[in-house]
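Nothing in this text is a laboratory measurement; each read-out follows from the coordinates by a stated rule. If you're wondering where the values come from, they're calculated on a predicted model, not measured in any experiment. Reconstructed Cβ throughout: ideal geometry from the backbone, glycine too, with neighbour counts over all protein chains shown.
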Amino acid sequence: MFLIQEILVSDELAEVNFCCDLKECKGACCWEGDFGAPLEKAEMDQISKLYDDIKHLLPEKNLTQIEKEGLFSYYDEPQLWGTSLMKDASCVFMLKDEKGIAQCSFEKAQAAGLSTFKKPISCHLYPIRVSKNEKGGFEALNFDNWDICHMARKKGDELELPLTGFLKDALIRAYGEAFYEELIAAIDHQSSL
């Protein structure tokens, strides 16, 4: 672990190559798992305001589930708020294209000019997971080494694309340009040792 602007960063962020391969995984991170995409309070407010403008993009079954469960759910085990899930564990905001590849309704709305909200930052940062302890002022960035992403790691190795390069825009969105530059400098320094 190393420290960048008071945020603990796992060594794996410096070691792993990664590039999503949607043809292979079909966006499985949008429908696999036990809880929805972790959400910040500000994101919950944004989604609540945005919902009426994007709900026409969602299938009827998703709208029915949202009416039943709400836009968000509280998940006890990780103790966080996240997007609600469908009965099959997919995110209520997930769509699938004609090839069966998951699409985010938020990204689709942004592309259509309906919103400036890209998607939850936890989705944009994935496979980096953020751990926070607000009482202790603790925040850490960890690599979520999940088997559904094995093809993304393989593609990242083939392209020699570091995880931090693949997630550059997401890291800058979440933490700013100065943080990203310090992170890359620390990684470069660590690899030169």
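Couplings 3J(HN,Hα) of the range 133-143, computed from phi: 10, 5, 5, x, x, 9, 9, 9, 10, 10, 8 Hz, in residue order, whole Hz [Karplus 6.51 cos²θ - 1.76 cosθ + 1.60, θ = phi - 60°; x for Gly and Pro].
Under the convention that each Lys and Arg Cβ holds +1 and each Asp and Glu Cβ holds -1, the size of the dipole of the chain around its Cα centre is about 620 debye.
Of Gln110, Gln46, Gln79, which is the most mobile in a GNM of the chain whose springs link Cα atoms less than 10 angstrom apart? Of Gln110, Gln46, Gln79, the Gaussian network model singles out Gln79 as fluctuating most.
Contact order for the range 3-145, expressed relative to its length and based on alpha carbon pairs under 8 Å spaced 6+ residues apart, stands at 29 percent. The aspartates and glutamates within cross-link reach of Lys108, meaning a Cα-to-Cα straight distance under 14 Å and a gap of 8 or more places when in the same chain, are Asp53, Asp97.
Gain in length, Leu159 to Ala42, computed as 0.36 nm per residue apart minus the alpha-carbon separation, to one decimal in nm? Could the numbers behind the result be given before it?
On the way: separation 117, 0.36 × 117 = 42.12 nm, distance 3.55 nm.
Full extension of this stretch gives 38.6 nm more.
Rounded to the nearest 20 debye, the dipole magnitude of the range 38-118 is 180 debye, with +1 charges on Lys and Arg beta carbons, -1 on Asp and Glu beta carbons, and the Cα centre as origin.
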